[in-house]
Every structure is written in structure tokens, then in C-alpha cells.
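Engineer: Take a look at this one; I'll ask things after.
The values are calculated or read from the model by the stated rules, or taken from the named source; none is laboratory data. In this text, all values refer to a predicted model and were calculated from it rather than measured experimentally. So basically every Cβ, Gly included, is an ideal-geometry build from the backbone, and we count neighbours across all protein chains shown. Quick note on the areas: whole protein, heavy atoms, side chains included, nothing else; ligands and nucleic acids left out. Shrake-Rupley method; radii C 1.70, N 1.55, O 1.52, S 1.80 Å.
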Amino acid sequence: VRGTNSAPLPLSVASTSPGIFVLDPNSGQGAILHASTYALVSAANPARVGEVVLIYCTGLGAVNPPLASGTPAPTNGTLENASPVTVSIGGSTLPSAAVPFAGLAPGFVGLYQVNAVVPNTPGSSVPVIITAGGVASNTATMQVAN
């Protein structure tokens, strides 16, 4: 009835809830780019072992230094770093040195970018998972060649 309050509903709020953006729900192809060219990692243009890829995601939580809600991440080289994340590619959890950046993508609002060095896990549908605050993302895929 109009003007009548409903019963309270419980609401859970998490500090992180990572999710990798997926371009094709059927294949799970992630929004993952080659760091050197910004070209999409694809079957025709696979990632190479040892190269850095950019994984685009959401839900990595608070950043340091803090940024006001709704403000684009700076493009002047000041990086907005997220809390520590772990990246798994092809079932291999990368060492922290192989994840040189995890934070807000410069120039965007609420879009996170994780830079990761591709391990020796070649394949046409290599699984990629990001974990932040103990919470794992969805599984995306990418193509990796030697």
C-alpha cells in the first residue's frame, strides 16, 4: 500500500567482490589486453608466455591513495592501488612480483586493471581468476601461446 513501510530486509555489504569482465559468455573470453599494444588477447592474437597482460575487472575494493566516489582515476601517473590481489592463470597462482599493478584503470570510474605476467601455461582456453580480500572472481579465459 502506498506510503506504508515494508519490513526491514537484511543487506550484506562486502569490502571486495571481484569480477573479471567477459566479452563472450559462451567462451568466457575475458576483457584482457596485451600491455604493449592494448590489442585484445584472442585466438588470432594470443598472449605470449612472459608478457604482461591487462585484465579488466570490478570489485577489488578500496584504493590507496583514496579517491572520491565517482571520480575518474588520475591519468598523470598517480596510480590508485587496490588492496593486494592474487592472480591465477592456468591454475598457477602468480607470485606478487608477477602482478606489478592492481588498481583503478587510469581515466575511468570504478574500472579496475590488473597487470599480470603470463606464466608458462599455453592453451586455447586458459582460465584466469583474480582473488581480492579472500573472495575469488568468476573464471574468465584467454589464449596463451609459447
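Engineer: Computing the accessible area with a 1.4 Å probe over protein heavy atoms, can you report the carbon and sulfur percentage for the chain?
Structural biologist: Details: 4590 of 7980 Å².
Reported share for carbon and sulfur atoms: 57 percent.
Engineer: Over the stretch 29-108, what is the relative contact order in percent, taking alpha-carbon pairs closer than 8 angstrom and at least six residues apart?
Structural biologist: Details: 94 pairs, mean separation 19.5, N = 80.
Once normalised by length, the contact order is 24 percent.
Engineer: Do any chymotrypsin sites (Phe, Trp or Tyr not before Pro) in the stretch 72-146 lie in a DSSP loop with no more than 14 other beta carbon atoms within 10 Å, and if so, which?
Structural biologist: Numbers: sites: PHE101, PHE108, TYR112; in loops: PHE108.
Those that pass, being in a loop and sparsely packed, are PHE108.
Engineer: Match the structure shown to one of the listed values (i) 63, 37, 25; (ii) 46, 44, 30; (iii) 38, 31, 30 of Cα extents along the principal axes in Å, computed from it, and give that label.
Structural biologist: Answer label, from the structure shown: (i).
Engineer: Mind listing which chymotrypsin sites (Phe, Trp or Tyr not before Pro) in the stretch 1-92 are in a DSSP loop and have 12 or fewer other Cβ atoms within 10 Å? Spell out each step's value before the answer.
Structural biologist: Details: sites: PHE21, TYR38, TYR56; in loops: PHE21, TYR38.
Sparse-neighbourhood loop chymotrypsin sites (Phe, Trp or Tyr not before Pro): TYR38.
Engineer: Considering only protein heavy atoms, what per residue accessible area in square angstrom results for the chain with a 1.4 angstrom probe?
Structural biologist: Values: 7980 Å² over 146 residues.
Normalised by residue count, the accessible surface of the chain is 55 Å².
Engineer: Between the alpha-carbon centers of the stretch 4-68 and the stretch 74-143, tell me the distance in whole angstrom.
Structural biologist: Each part reduced to its Cα centre gives a spacing of 8 Å.
Engineer: Pairs of Cα atoms under 8 Å, at least six residues apart: use those to get the relative contact order of the chain, whole percent.
Structural biologist: In percent, rounded to a whole number, it is 30.
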